[in-house]
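Input: a single structure, listed below in structure tokens.
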Protein chains: 2
Amino acid sequence: QGGRSKRTAEGSELWWCLASPYMNNSKRSNIIISSCFRSLRRIHHQSDDAKRLLRPLIDQLLQYYEDNDVMVQREHASPKDIRNSLLKNSKDVKSALEELCKYSVRTSSPLFLNQLYSGADPISIAGEFALAVTNTNAHTFEVSPAFSVIEQMVIENIGKKFGFDLVEGLTTPGGSVSNLYAMHLARYVADPDVKTRGAVHGPRLIALVSEDAHYSYAKAARVLGIGDNNLIKIPTRIDSGQMDTDILYSKLKEFHTNNTKVFFIGSTAGTTVRGSFDNLETIASISSNYNVWHHVDAAWGGAAIWSENKDTRALLRGVKNADSLAWNAHKLINVALPCAFFLTKRIGALEETNATHAPYLFQPEKQFREADFGDRTIMCGRKADSFKFWLYHIHYGDQGIAQRVDHCLRLARLAADYVANHSLLELVFPPSFANVCFRPKLPHLTADQLHQLPPLIKQHMHSKGDAMIGFQTHHATSVGNFFRLVITHGGSESLLTETQLTSMLDRIAQLALSLSSSGTTKKRTKGT
Amino acid sequence: QGGRSKRTAEGSELWWCLASPYMNNSKRSNIIISSCFRSLRRIHHQSDDAKRLLRPLIDQLLQYYEDNDVMVQREHASPKDIRNSLLKNSKDVKSALEELCKYSVRTSSPLFLNQLYSGADPISIAGEFALAVTNTNAHTFEVSPAFSVIEQMVIENIGKKFGFDLVEGLTTPGGSVSNLYAMHLARYVADPDVKTRGAVHGPRLIALVSEDAHYSYAKAARVLGIGDNNLIKIPTRIDSGQMDTDILYSKLKEFHTNNTKVFFIGSTAGTTVRGSFDNLETIASISSNYNVWHHVDAAWGGAAIWSENKDTRALLRGVKNADSLAWNAHKLINVALPCAFFLTKRIGALEETNATHAPYLFQPEKQFREADFGDRTIMCGRKADSFKFWLYHIHYGDQGIAQRVDHCLRLARLAADYVANHSLLELVFPPSFANVCFRPKLPHLTADQLHQLPPLIKQHMHSKGDAMIGFQTHHATSVGNFFRLVITHGGSESLLTETQLTSMLDRIAQLALSLSSSGTTKKRTKGT
């Protein structure tokens, strides 16, 4: 035992351990302490080393974040070249982070207008960092006392904001999962036996959404075993992009007459491309008449509820009558990704549908068992993303959020006006919310050439580090590819100025002219 | 127009905008620029303010992280008291973060032994911070060039490590979602029509898992519409906690004879409570004979593949024959939460099952479209959590991971030996992996009193900031509540020393003695 006492660092502690009055003397020697000592020293050394690295690494990343670079992307490379560069140059963590920054898109550039999100707000970044250093799960109160209480408070506050008289909810990993929760709950309420029996011998169940609804409804229908054929897409109105409620009504009547159960109506507040808001008031009343669960996917448009402009708030009129709601704080108002919420008025439905009462987590004897929300979910561990919104809300308040929302919408309006008055650009749809759909206006080009322009313009601009703006086709128009500009820079670091916006639109017009006159589009037509 | 030129800050840019050659003069006045200027200035001011706050806030959180406090929790309060404190004291972001830290459990304390995770490794925290400052989604290559390539590389590397000859996969929000993916894909492969037709008029489909499998299988079965009744739980062997493969085989034969399709066998590598590993080799061979999808939930035990000890690696023998696998890097090896992976050998199955080809994201004309993995998922936006593991792996390498895994297992072995030789403690199950199940050994107490002790001891220790260790009952034993100690501190900041571990076990023994002799357990029996 003399050898052991030489391990001075843990010496006195070790003595305490060996002197434990509870140990059976004859068996003490069985304990293989020496290999533990060796591995502990080795790993302790590595951990100290890693810990010393953390501050410089954080500083390196803060410098990247603080650099208000307008260029969306500096280095362009194919997936293969990026892989080779990463393999060659990522020798240590510092150089790996350099590589990451080099081959990343700067979403916080004012010219990143490609998605329904952009750079993250600094307060929410602090929130994300708090989640990392505390590193815990929102499944039980005992391991996340503050986070569990905060999630509950945030859900209540958002519910109140949307006019829900009762509310229960969850932070989810994204809007798609929120929509999945909605359909899952609605099916359970329509057919409670599905939980034990399964869908196979149950009734055929139909879900109705608009044809402009987000594709996550389709993914959810597949996951749930509803099937594509039972997710009926109600046409939208060409003029507004809203679900045609006359058709919705007649479809419901038709299914009712045929004794086929419609269990779910998923409406959309802010469609992905057009930014359209379904008529929630009418849909709520129809769904209530037929006793169908009404879910509002307000992942994108929900932020309108904060607006100080009553016309903007009116886009969400009727939302308070919905059975459930999805809203993403990581979209328009720039809370760090992800920060998504699912809310429902059907108290208890989440628990009834999902709870399995795992004895190792949700012990009945546990103190404050009632504050555990983990069994409401389809997951086990779950990050407390609600915290980021809570912190953000403390800093900016409802008024600050309102200013951000209204600023985005004003800029979108300005972009739309600028396009409408432009000699070389035209709107494809009337602008709605923060979405502006437009394309080059060049009457001498063929429809096919005009269709080819947006991808070419995008690639050209992107390769120079200029703006990124999404393009796509859309069933409601025959124009082919067009741009969808989305303004989400209301709360993010590098704010988009009006002149940046309008001069960027001018550059698109100029590129449309030069790319079409250089014959690039024609050549491509022949080539493919 | 004179008034406009006075706005000096953006003056020259504004001139450029107004002088745009593409603008129709007569309509220019329509653009409502002035209100944009006002809102921009206001928000710019707030953003500058927020940006200035970021570094001090990060510093505040780093101080919390760097403080090697051993106390698991300093402030204890009920959910209601925490709410009141948060409402009263969270006046600004700084004080809100103070409140958070005050009412959080310190998962990085060496005495946090409550879950299958603990504090986050510093390198992975830097990775999390990189995700926040770059703030993007892993759905398309164009918005996440580096992250998309890295996700692919990580999936390939993990696949290779587990011996998969082919591999495709995804970063998921957690192990439960990975298990959901597995069952979802398996159903589609067994019944491809389910995607369009739905489950209702399809065949009855049966999933088999062990009775010790994670509860997420049950949640997945409900989400998918399989139903509790069609998720058959195969008994585990009392001695080992492994799925009884004889019963598995006879069940499969029985269903086969009855013409009932078994589509899924979910085995477990590292059960939640006992840490048992199913016999993957035998199960793979059985499932292959019956042409059933075999998924391995190695969320907890997968880290064993890195071990330098061949007996530990042998726990996973046969894993390479599985059709799919779940592994969480946020568990044993302490990558910041969440960092979960789903892997499958069935190339194309993810895309076939889930793709909806949303035209606004997955445009066929887009460059490097083949590097977009978003349509493989059941989600839309998705955080690139794989990056944290990539960075961690660059720093520690396979060897560093191996050291961490083996260190955890050595410590668990030491704890088990200490308990086995203790006069006042006893093992409830033979130790397996990093799980040690034990309870007080006090022959003079009744079974009910012994059942009451673990929650009482836990509450007592927890209230003093001492260790947190989970307790639960388990179907394989009649002892009632017992402790499950889990060692996951192999890579985390504050390493658990042997003496901390053994002296903590002594404190549990001492508490068992004093609480039972003080009559606390008896009183509680009368009271409830």
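The values are calculated or read from the model by the stated rules, or taken from the named source; none is laboratory data. Note that the coordinates shown come from a computational prediction; the quantities given were computed from them, not determined experimentally. When we count neighbours, we look across all protein chains shown, and the Cβ atoms used for this are built from the backbone with ideal geometry, even at glycine.
Structure above, values below:
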read-out: Residue that is surrounded by the most Cβ atoms within 10 Å (Cβ to Cβ) [pool: residues in the range A:54-86 that are hydrophobic (A, V, I, L, M, F, W, C) and more than 8 Å from every other protein chain (Cβ to nearest Cβ)]; value: A:V72
read-out: Qualifying residue in the range B:7-20 (condition: assigned to a loop (DSSP other than H, G, I, E, B), modelled with pLDDT under 95, farther than 30 Å from B:S118 by Cβ and facing chain A (nearest Cβ under 7 Å)); value: yes
read-out: Residues within the range A:110-133 that are acidic (D, E) and either more than 7 Å from chain B (Cβ to nearest Cβ) or not in a loop (DSSP other than H, G, I, E, B) (or both), tallied; value: 1
read-out: Evaluation of A:G163 against (1) under 17 Å from A:C339 (Cβ atoms); (2) among the small types (G, A, S); (3) surrounded by fewer than 24 Cβ atoms within 10 Å (Cβ to Cβ) (one fails), failing number; value: (1)
read-out: Search result, residues across the range B:220-255 that are out of contact with any Ser or Thr (no Cβ under 6 Å at 6 or more places or on another chain), within 14 Å of another protein chain (Cβ to nearest Cβ) and outside any strand (DSSP E or B); value: B:A220, B:A221, B:R222, B:V223, B:L224, B:G225, B:I226, B:N230
read-out: Which numbered condition A:D323 misses (of (1) surrounded by fewer than 23 Cβ atoms within 10 Å (Cβ to Cβ); (2) at pLDDT 95 or above); value: (1)
read-out: Single match in A:T136, A:T107 (criterion: closer than 18 Å to A:R382 by Cβ and within 9 Å of chain B (Cβ to nearest Cβ)); value: A:T136
read-out: Residue that is surrounded by the most Cβ atoms within 10 Å (Cβ to Cβ), among those in the range B:354-389 that are of a type in the set (S, T, Y) and more than 7 Å from every other protein chain (Cβ to nearest Cβ); value: B:S386
read-out: Breaking point among (1) modelled with pLDDT of 95 or more; (2) surrounded by 22 or more Cβ atoms within 10 Å (Cβ to Cβ); (3) more than 7 Å from chain B (Cβ to nearest Cβ), for A:N89; value: (2)
read-out: Residue within the range B:37-50 that is modelled with pLDDT of 80 or more and under 30 Å from A:N135 (Cβ atoms) present; value: yes
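Residue-wise test of (1) modelled with pLDDT of 95 or more; (2) more than 24 Å from B:I206 (Cβ to Cβ); (3) surrounded by fewer than 24 Cβ atoms within 10 Å (Cβ to Cβ).
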{"site": "A:T172", "(1), (2), (3)": "yes, yes, no"}
{"site": "A:S176", "(1), (2), (3)": "yes, yes, no"}
{"site": "A:A186", "(1), (2), (3)": "yes, yes, no"}
{"site": "A:H201", "(1), (2), (3)": "no, no, yes"}
{"site": "A:S210", "(1), (2), (3)": "yes, yes, no"}
{"site": "A:G225", "(1), (2), (3)": "yes, no, no"}
